[in-house]
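Accompanying notes for the structure given below.
Derivation of every value follows stated rules applied to the coordinates shown; laboratory data play no part. Just so you know, these numbers come straight off a predicted model, no measurement behind them.
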Amino acid sequence: MSDLLLLAGVALCLLSVVLAVVQLLQTQPPRAAILALLGGIVLLFAGAWMDPEPFSPADIPAALDTVTGGAPAS
């Protein structure tokens, strides 16, 4: 479950960057981008709270392998 939360949090944070660029190009305040960023951060913290081991950047590909059914990285 923590792998799903980690990947969803990363996806929302990346989506917030795209939303911010689009909304700023349209000369609108980036409200949706801020909400997506906050949601991503909340999901990252929820995933960190559920997993007793600390997260590192190397955990993202391992979580993707686990979620997609690949061999879990050790």
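GLN26 to PHE55: extension gain in nm, 0.36 nm per residue of separation minus the Cα-Cα distance? Walk me through the numbers on the way to the answer.
Details: separation 29, 0.36 × 29 = 10.44 nm, distance 3.61 nm.
Here the answer is 6.8 nm.
On the principal axes of its Cα set, how long, how wide and how thick is the chain? Give whole Å, largest value first.
Taking the Cα atoms of the chain, the three principal extents are 46, 23, 16 Å.
Hey, what did the chain get for relative contact order, percent, Cα under 8 Å, at least 6 apart?
Numbers: 79 pairs, mean separation 29.8, N = 74.
That works out to 40 percent.
Could you give the length gained on full extension between LEU14 and VAL42, defined as 0.36 nm per residue of separation minus the Cα-Cα distance, in nm? Before the final figure, lay out the partial values.
Details: separation 28, 0.36 × 28 = 10.08 nm, distance 1.40 nm.
Extra length available between LEU14 and VAL42 comes to 8.7 nm.
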